[in-house]
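> Got a structure for you, questions after.
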Amino acid sequence: MKDNQIQQRDQWGSKIGFILAAAGSAVGLGNIWRFPFMAGANGGGAFVFLYFAILVLVGFTLMMAELTLGRHTQLSPVGAYRKLKEKWAWVGGLGVIAGFLILSFYSVIGGWVIKYIVQALTGAFTIADPEVLGGIFGGFITNPTEPLIYHAIFMILTLGIVIGGVKGGIEKYSKILMPALFVMMILIMFRSLTLPGAFEGVKFLLVPDFSKITGGVVLSALGQVFFSLSLGMGTMITYGSYLNKEENLIDSSLQIPLLDTAIALIAGLAILPAVFAFGFDPEGGAGLLFITLPAVFSQMPLGSLFGVLFFVLVLFAALTSSISLLEVVVAYVVDEKKWNRKKASIVFGGLIFLMGIPSSLGIGVWEKVTIIPGLDILDSVDFVASNILLPLGGLLLCIFIGWVWGLDNAYKEVTNDGKISFPMMKVWGFLVKWVAPIAIAIVFVQGIIDVFK
Ligand code: PHE
């Protein structure tokens, strides 16, 4: 695909193709791996409550803002900002950096998923003992070389798809595999919920204990909304840029976040009840998915088969997200530096792979290295990207749309020049111009003070 400003840009093959791809970007490890462990580590219900509040005030708003900017300019982030206001191009660049950082550790976790497909294939999911499962997982992730091999495999898969281009690579499989993942997760959730003692987990996840709320917890919830919805770094600007002018942005901006949140909640309800039923630690961190679900599979008929299928589908979901991360970086060098897509994908995929190595080693041999107090390298890179760069990108986007480009221009784009009605238009405008940026700024400042104090 050679998409630059002069040539005709690629467009989505169909409406459903775009929705699936954008939802594919949103739904990924952020929902299945990150949401449950973040909720576990940040007070359960309190975190989920905050997540919802931020979703309503900021999530939908920014989804629409990004898609609007992308479709209007038909350019990836740097070009999009530049086209409307020369001086703002660097904000797009911030997103490229965020994408680079996120993919570096995302690919490490994606590698763990591949490893667990292999585990399941070899019939390892027959044990429900927390100690044993924790031992197996710990042994794997602290090994200096094995996780790197899987990290490399994940990156090569990501690269391969991105080289294939927008239509060919992304749309084809989503139509079958995304619904399959959905059904599979619901089955696992039911098994989890019917385990003895599971109800404690449901209460933990859904009943907020407001005394648990701190600046750090609110910042984590904010970071989770951005991460999970793929916001704040221009992914949705890039995907929106492949949309044609007839598409209804309003529907998409509601549907994608709703679907994404549903999947995160289902994942939470699959994992946390099992955490309580088997006596794992809800604050167990990044390993929660990999330690608890094998225990759930051990309690299901045909558990190993379920395990294989589940991790294959999670891998697919992770890939539909990782390609969107790499796409932001690649679209930048293709559009701005006129590289060809293949070269850009290979060079940057390779660099991102290298960048991920310290994250992987930081769990084992380099565990003493800390960047952010109390966090290992992977969690630190995650923190900087998800809790700092993404909210910053979102904040700047709001300021840009609300104050620089102007709401009237945005309204015109959202409503396809007044052709579709948007009853909540003024509400959205108010959210973009005032509520979202102020909310992000407050959470951001409070959270950073809290974490570094
Ligand atoms: N939203 C993706 C997930 O939940 C991760 C992602 C973040 C993708 C930012 C693109 C941009 O897994």
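The values are calculated or read from the model by the stated rules, or taken from the named source; none is laboratory data. These numbers were taken from a predicted model, which means no experiment stands behind them. Heads up, the Cβs are rebuilt from the backbone with ideal geometry, glycines too, and the neighbour counts pull from every protein chain shown.
> Please determine whether any residue of the stretch 398-411 is in contact with a His (Cβ under 9 Å, 6 or more places away or on another chain), in a helix (DSSP H, G or I), modelled with pLDDT of 95 or more and crowded, with 18+ Cβ neighbours inside 10 Å.
The answer is yes, given that some residue of the stretch 398-411 is in contact with a His (Cβ under 9 Å, 6 or more places away or on another chain), in a helix (DSSP H, G or I), modelled with pLDDT of 95 or more and crowded, with 18+ Cβ neighbours inside 10 Å.
> Of GLU131, GLU146, which residue is surrounded by fewer than 21 Cβ atoms within 10 Å (Cβ to Cβ), free of Cβ contacts under 8 Å to residues at least 40 places away in the same chain, away from the ligand (no atom under 15 Å from the Cβ) and closer than 28 Å to VAL347 by Cβ?
None of the other options fit; the residue is GLU146.
> Would you be able to tell me the number of residues in the stretch 415-430 that are modelled with pLDDT under 95 and either crowded, with 18+ Cβ neighbours inside 10 Å or aromatic (Phe, Trp, Tyr) (or both)?
The total comes to 1.
> Another one. So how many residues does the stretch 123-143 have that are more than 27 Å from the chain's Cα centre (by Cα) and modelled with pLDDT of 90 or more?
2
> Right, ILE352: buried (at least 20 other Cβ atoms within 10 Å of the Cβ), modelled with pLDDT under 95 and assigned to a helix (DSSP H, G or I) or not?
no
> So how many residues does the stretch 36-89 have that are under 18 Å from the mean Cα position of the chain (by Cα), among the small types (Gly, Ala, Ser) and within 16 Å of the ligand (Cβ to nearest atom)?
Going through the stretch 36-89 one residue at a time, the tally reaches 3.
> Could you count how many residues in the stretch 22-35 are more than 20 Å from VAL381 (Cβ to Cβ) and more than 6 Å from the ligand (Cβ to nearest atom)?
Count: 4.
> Also, I was wondering about something else. State which residue is nearest to TYR106 (Cα to Cα) when the search covers only the stretch 362-379 and only residues that are free of Cβ contacts under 8 Å to residues at least 60 places away in the same chain and touching a Phe, Trp or Tyr at 6+ places or on another chain (Cβ under 7 Å).
Result: ILE377.
> Being among the hydrophobic types (A, V, I, L, M, F, W, C), farther than 14 Å from ILE97 by Cα and touching a residue at least 40 places away in the same chain (Cβ under 8 Å) is the filter here; which residues of the stretch 336-352 pass it?
ILE346
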